[in-house]
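Here the structure comes first, spelled out in structure tokens, and everything after it is commentary.
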Amino acid sequence: MRIGILGGTFDPIHYAHLAIAEEARTQLGLDSVIFVPAGRPPHKPHVPVTAARYRLAMLELALASNPHFLISRVDLERPGPCYTVDTLAMLQEEWGPEAKLWLVIGAYSLFEMRTWYHPERITELAQLAVAPRPGNPLHPAELERSLPGLYGRVRIIEAPLLEISGTDLRRRVREGRPIKYYLPAEVEAFIFEQGLYRDEEKP
């Protein structure tokens with residue numbers, strides 16, 4: 001069993017997330033990709049995050065058409081900061097020792113990994129599937145300086161370079177600008193039905 005893990009606040013889920021997940025699934029021969037919405041991201045302690053029930057509902061709408069995409073509530077159901085290393089350990093226990101985990105991340109996250117909690121343990125628990133972004137080339141020597149042995153655990157995913165971010169989408173809603181074609185129509189409709197992002201402080 002080969003399992004991809006894609007974490008994030010998904011605030012909101014958009015086409016860049018979905019495209020990277022599907023490319024990882026097909027290029028790595030994954031059986032499933034598990035989307036793990038964050039509870040309290042330790043690297044964003046003071047950034048307001050939309051209530052979990054809304055983010056979870058948007059995920060369910062976005063993933064409904066793909067039977068290979070699953071959702072784990074593991075980070076939503078535990079208190080305190082949710083560290084990636086703990087999430088991976090819990091998912092490995094849930095899926096069993098025969099499951100091979102792939103952590104799907106962007107190039108920026110890869111270069112920041114040395115600042116994460118127990119980064120060396122992360123690379124023991126999972127292979128890294130990395131989607132490059134404009135301005136984030138991957139240099140083996142730099143990665144090795146960042147975290148010894150890191151480059152050998154990396155597999156580059158060829159994925160469309162979609163410059164979409166949750167921050168920009170929330171801003172667009174707040175400013176009355178369109179978000180159509182940035183995310184699934186069902187998610188767009190949900191955002192407007194629930195009045196999300198009209199005020200950045202809305203819980």
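Points worth noting:
- Based on DSSP H segments of at least four residues, each scored -39500 (n - 2.57), the chain has a per-residue ellipticity at 222 nm of -11000 deg cm²/dmol.
- Of the DSSP H helices in the chain, those that are both long (alpha-carbon extent of 18 Å or more along the helix axis) and hydrophobic (Kyte-Doolittle mean at least -1.0) are 15-28.
- Each Lys or Arg adds one and each Asp or Glu subtracts one; over the other residues with Cβ under 15 Å from the Cβ of residue 67, this totals -2.
- Relative to its Kirkwood radius, the Cα radius of gyration of the chain gives an Rg/Rh of 0.95.
- Of all the options 53, 73, 155, the one that moves most in a Gaussian network model of the chain with Cα springs shorter than 10 angstrom is 53.
- Net charge contributed by nearby residues that have their C-beta within less than 10 Å of residue 31 (K/R +1, D/E -1): +3
- Distance from the Cα centroid of region 173-198 to that of region 12-35 is 22 Å (rounded to whole angstrom).
- For the chain, relative contact order (Cα pairs under 8 Å, six or more residues apart, normalised by length) works out to 26 percent.
The numbers here are math on the coordinates, done by the rules we state, and not lab data. Note that the structure is predicted; figures quoted are calculated from it, not measured. Please note: Cβ atoms are built from the backbone with ideal geometry, for glycine as well, and neighbour counts cover all protein chains shown.
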